[in-house]
Amino acid sequence: MATDKETIIVELPNKPMFSRKEVSTLLSIGLSTLDSCIPDSELPRIRLSKHVFVLREDLQAYILQHRSTGGK
């Protein structure tokens, strides 16, 4: 599992939060899939006016929670 000094998201290392478009690109999914298939309870979002962002820590936690290790 990732530690505080280790990150699983290597893109944009100094960026604390990502836009919806950046999140969809990092997850290799479309914006509509991000919006309709991933609820806020699984991937919390920050809404500032008309802009939506996801914290790096929340995105990392989401990725780790949905990681498959190939076992049963």
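The values are calculated or read from the model by the stated rules, or taken from the named source; none is laboratory data. None of the values given here were measured: they were computed from a predicted structure. FYI the Cβ positions are ideal-geometry reconstructions off the backbone, even for glycines, and counts take in every protein chain you see. Note: accessible area is taken over every heavy atom of the protein model, side chains too, but ligands, DNA and RNA are not part of it. Shrake-Rupley method; radii C 1.70, N 1.55, O 1.52, S 1.80 Å.
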Exercise. If you take the square roots of the eigenvalues of the alpha-carbon gyration tensor of the chain and sort them as a ≥ b ≥ c, do you get rounded (a/c under 1.5), prolate (a/b over b/c) or oblate?
Worked result: oblate
For this session: Net charge near MET17: determine it from the other residues with C-beta under 14 Å of the C-beta of MET17, scoring Lys and Arg +1 and Asp and Glu -1.
Result: +2
Problem set entry | Dipole-positive endmost among ILE63, CYS37, MET17 within the chain (Cβ charges, Cα centre) | CYS37
For this session: For the chain, with all protein chains present and a 1.4 Å probe, just round the carbon and sulfur fraction of the accessible area to a whole percent.
Result: 55
Exercise. Accessible area per residue of the chain at 1.4 Å probe, in Å²?
Worked result: 75
For this session: Could you size up the charge dipole of the chain around its Cα centre, putting +1 on the beta carbon of Lys and Arg and -1 on that of Asp and Glu, and report it in debye to the nearest 20?
Result: 140
Seminar exercise, completed: The local net charge around LEU34, scoring Lys/Arg +1 and Asp/Glu -1 for residues other than LEU34 whose Cβ lies under 15 Å from its Cβ, equals -1
For this session: Mind ranking 54-65, 20-31, 38-49 by how tightly packed they are, going by the mean number of other C-beta atoms within 10 angstrom, highest first?
Result: 54-65, 20-31, 38-49
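Could you give the length gained on full extension between LYS15 and SER36, defined as 0.36 nm per residue of separation minus the Cα-Cα distance, in nm? Spell out each step's value before the answer.
Working: separation 21, 0.36 × 21 = 7.56 nm, distance 2.51 nm.
Result for the pair: 5.1 nm of gain on full extension.
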Problem set entry | Nearest-0.05 FRET efficiency for HIS51 and LEU27, computed from C-beta distance (R0 22 Å) | 0.75
